[in-house]
Amino acid sequence: MLKNLGPHAFGFGYPVPVLLVATYNDDGTVNVMNLHEAMRTNAGDLALCIGPRSKTHANVEKRRAFTVALVNQNLLAEVDYWGSVSGRDIPDKFARTGAVAVKSQFVNAPIIQGSPLVIECQLIEIAWGTNFSTVLAKIVNVAADTSVLGPDGRVDSLKTGMLLYDPFGTSYVSLGQRVGTAWGEGRKFL
């Protein structure tokens with residue numbers, strides 16, 4: 001039996017991957033934000049909803065490049081901090097955590113060390129909305145730590161320990177178990 005919870009129970013939606021969007025500031029220091037509103041488009045691009053007043057948004061507009069990293073529990077405290085404070089208010093928020101970044105080989109943006117998977121992006125365009133804009137980006141490269149690759153050389157999502165943001169409990173959770181095979185489980189109905 002379903003219980004009606006009202007329209008605000010959905011909040012930010014369903015559990016989604018915690019992503020770090022990293023850019024360079026004007027002085028070359030690293031800026032990073034915690035983001036959970038992103039998707040891959042059917043064209044193979046990446047679409048991110050970023051608040052237009054954020055430091056990250058300004059950096060993306062100016063530099064036209066950024067990285068998006070999936071994270072796991074080894075960066076949990078940093079991720080939570082980066083999502084709790086603004087780079088406009090605390091310009092050295094990345095440095096305060098002691099985290100380390102290296103320059104991407106493919107785009108003018110930092111790669112945060114300790115992230116098991118990084119998507120390197122170039123800005124295509126920004127679609128402006130009322131409170132958020134959609135940043136559409138071309139995926140230039142995807143880099144993964146070898147520890148998260150399966151025997152076939154592809155990313156094994158369960159090996160990543162990927163963090164998810166759970167808006168229902170306002171908590172972070174990690175991926176669980178594999179429960180089925182896509183495009184296989186429904187074959188019994190064919």
Which number in (1) part of a strand (DSSP E or B); (2) modelled with pLDDT under 95; (3) more than 14 Å from the chain's Cα centre (by Cα) marks the one condition that Tyr172 misses? (3)
For the range 1-60, what are the residues that are of a type in the set (Phe, Trp, Tyr) and closer than 18 Å to Asp166 by Cβ? Phe10, Phe12, Tyr14
Any hit, the range 31-54, residues being in contact with an Asp or Glu (Cβ under 7 Å, 6 or more places away or on another chain) and open to solvent by less than 30 Å² (accessible area, probe 1.4 Å): yes
Please specify each residue of the range 29-64 satisfying the condition of being modelled with pLDDT under 95 and on the phi > 0 side of the Ramachandran plot. Gly44
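Only residues that are under 23 Å from Trp128 (Cα atoms), open to solvent by less than 30 Å² (accessible area, probe 1.4 Å) and touching a helix residue (DSSP H, G or I) at 6+ places or on another chain (Cβ under 9 Å): list them for the range 66-97, please.
Quick first cut of the range 66-97, residues under 23 Å from Trp128 (Cα atoms) only: 66-68, 83, 86-88.
Still in the list and also open to solvent by less than 30 Å² (accessible area, probe 1.4 Å): 66-68, 87.
Phe66, Gly87, listed by residue number.
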Keeping to the range 117-135, report how many residues are more than 17 Å from Met33 (Cβ to Cβ) and at pLDDT 95 or above. 4
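Can you pull out the residues in the range 144-157 that are out of contact with any Gly (no Cβ under 7 Å at 6 or more places or on another chain) and either open to solvent by less than 80 Å² (accessible area, probe 1.4 Å) or closer than 14 Å to Val71 by Cα (or both)? Even if it seems obvious, please write down each step before you answer.
Our first condition is that a residue be out of contact with any Gly (no Cβ under 7 Å at 6 or more places or on another chain); within the range 144-157, this holds for 144-155, 157.
Residues satisfying the conditions are Ala144, Asp145, Ser147, Val148, Leu149, Gly150, Gly153, Val155, Ser157.
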Can you go through Val135, Val179, Val142, Val173 and tell me which one is within 30 Å of His8 (Cβ to Cβ) and free of Cβ contacts under 8 Å to residues at least 40 places away in the same chain? Val179
For the range 110-143, name all the residues that are buried (at least 17 other Cβ atoms within 10 Å of the Cβ) and under 12 Å from Ala69 (Cα atoms). Pro110, Ile111, Ile112, Ser115, Pro116, Leu117, Val118, Ile119, Glu120, Cys121
Somewhere in the range 64-83, is a residue over 13 Å from the mean Cα position of the chain (by Cα) and in a loop (DSSP other than H, G, I, E, B)? yes
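Tell me the residue from Thr134, Thr170 that is under 30 Å from Val60 (Cα atoms) and touching a Cys at 6+ places or on another chain (Cβ under 8 Å), please.
Working: Thr170 fails: touching a Cys at 6+ places or on another chain (Cβ under 8 Å).
Exactly one residue qualifies, and that residue is Thr134.
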The range 3-18, residues that are modelled with pLDDT under 80 and either assigned to a loop (DSSP other than H, G, I, E, B) or open to solvent by 100 Å² or more (accessible area, probe 1.4 Å) (or both): His8, Phe10, Gly11, Phe12, Gly13
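The values are calculated or read from the model by the stated rules, or taken from the named source; none is laboratory data. None of the values given here were measured: they were computed from a predicted structure. Backbone-built Cβ (ideal geometry, glycine too); neighbour counts: all protein chains shown. When the accessible area is computed, the model is the full protein with side chains, heavy atoms only, and any ligands, DNA or RNA have been set aside. Shrake-Rupley method; radii C 1.70, N 1.55, O 1.52, S 1.80 Å.
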